[in-house]
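Asker: My structure is below; once you've seen it, I'll send some questions.
The values are calculated or read from the model by the stated rules, or taken from the named source; none is laboratory data. Owing to the predicted nature of the structure, the values given are computational and were not obtained by experimental measurement. Here Cβ is always computed from backbone atoms with ideal geometry, including for glycine, and neighbour counts include all displayed protein chains.
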Amino acid sequence: MKITQRARRAGVAVAAAAVIGGSGVAVGAATATPSPAATTVQAATSAPAAVAGTAASYADVVRQVLPSVVLISTGEGLGSGVVLDRSGNIVTNAHVTGNATTFKVQIPGDPVPRDATLVGSYPPDDLAVIRVSDPAGLQPARFGDSAAAQAGDVVLAVGNPLGLSGSVTSGIISATGRVVAEPASAGTQGATLPDAIQTSAPINPGNSGGALVTTSAEVIGIPTLTAGGTQGGTQVQGIGFAIPSNLARDIAQQIITSGKVTNSHRAAIGAQIGAVTGQDGTPAGTGIVAVTNGGPADHAGLRPGDIIRAAGGTATPAPQALAGVLAAAHPGEQLALDVLRGTQELTIHLTLGELPAS
């Protein structure tokens, strides 16, 4: 089966703590039916050395976590998911569920796939919840506090890359608080993720929606994409990103309780935006296409046709850059925009609103 749900690739441009970009999609193919009994353990580097403060083996952690990570099939591709509760709710990526509403879910230790349906999806945070019809034997994962994650912490990525069920890779947390732009693809829209966890643990196609876990066997993130492309002719490696567990649990619980997201916690300017291209074909800014009546942009005096050149001191040559600024901000905050209106250069201050819920 072709694997179209993936640990997505994004071209990366690093400036301070922001990672903004987008390129293609990592696509692979599984050549055999996944075996629920198989467990593959891969290391980002060599096997953990038995030195002070370092475990000689993470086998016990893997044994605790594997029963809580499932294989999800949409008919179009494969992905992973993490068991939330004994009622059959499973959190995964919105790009794993795509446009599907029914799924097959393979539980570790059970060779027979189970039917599942979509509970709800929230593409802006790339999160979704599905529910299996038969929750017997499901083992909920233990979630940790992602706010306590620190650069240098050892982590394991658990999922089903390339359909190889129960695969584990190891690495460390490379950084926290990253703002990452996901690329759009057929059937899925792009998303800008705030506060992502960067890890060196390899994340491959099919890992999406799985678990990033600590050595205490607690889930602190949902792996979702990797950086791809080259920098200065060198292939980018060892840069993956996960949605923090605190956000994943919050959004998932809203979906389970209400069938939708009722509080996005995301900032918005209340306008439809688009890319502006100069006469030479290069990006020239982020244009206002339409303004929401009564929204922040409307109150601040922004008009269709205005071009946002910078936001909060950060250049916005393309919509992805503005999305990155907004992802790092909070509703209610003040934001200064450098705007070009015809030949007039303006500085417009607005109070950020909240991104509409699903």
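Asker: Could you list all residues from region 287-304 that are surrounded by 12 or more Cβ atoms within 10 Å (Cβ to Cβ) and either in contact with a helix residue (DSSP H, G or I) (Cβ under 6 Å, 6 or more places away or on another chain) or not aliphatic (A, V, I, L, M) (or both)?
Answerer: Result: G287, V291, T292, G295, P296, D298, H299, G301, R303, P304.
Asker: Does I20 fit the bill of being more than 17 Å from L156 (Cβ to Cβ), within 24 Å of the chain's Cα centre (by Cα), at pLDDT below 90 and buried (at least 23 other Cβ atoms within 10 Å of the Cβ)? Can you show your working first?
Answerer: Values: more than 17 Å from L156 (Cβ to Cβ): yes; within 24 Å of the chain's Cα centre (by Cα): yes; at pLDDT below 90: yes; buried (at least 23 other Cβ atoms within 10 Å of the Cβ): yes.
Considered against the rule, which asks whether it is more than 17 Å from L156 (Cβ to Cβ), within 24 Å of the chain's Cα centre (by Cα), at pLDDT below 90 and buried (at least 23 other Cβ atoms within 10 Å of the Cβ), I20 comes out as yes.
Asker: Of all residues in region 313-331, which are farther than 13 Å from I273 by Cβ and surrounded by fewer than 22 Cβ atoms within 10 Å (Cβ to Cβ)?
Answerer: G313, T314, A315, A328, A329, H330, P331
Asker: Determine, yes or no, whether A284 is in a helix (DSSP H, G or I) and buried (at least 16 other Cβ atoms within 10 Å of the Cβ).
Answerer: Judged against the criteria, A284 is not a match.
Asker: Now, a different point. Conditions: (1) more than 18 Å from A329 (Cβ to Cβ); (2) in the same structural domain as A311 (by TED's automatic domain parsing); (3) not aromatic (F, W, Y). I255 meets all but one. Number of the miss?
Answerer: Failed condition: (2).
Asker: Take the residues in region 124-155 that are surrounded by 23 or more Cβ atoms within 10 Å (Cβ to Cβ) and assigned to a strand (DSSP E or B), then tell me which one is farthest from the chain's Cα centre (by Cα).
Answerer: Looking at the filtered set, the residue picked out is V132.
Asker: Further question on the same structure: Quickly run through region 103-118 and pick out the residues that are touching a residue at least 60 places away in the same chain (Cβ under 8 Å) and within 18 Å of S208 (Cα to Cα). Full working, then the answer.
Answerer: Taking region 103-118 first, the residues touching a residue at least 60 places away in the same chain (Cβ under 8 Å) are 106-111.
The answer is Q106, I107, P108.
Asker: Give me the residue from region 86-108 that is more than 14 Å from D134 (Cβ to Cβ) and touching a Pro at 6+ places or on another chain (Cβ under 7 Å) and, out of that set, surrounded by the fewest Cβ atoms within 10 Å (Cβ to Cβ).
Answerer: This residue is P108.
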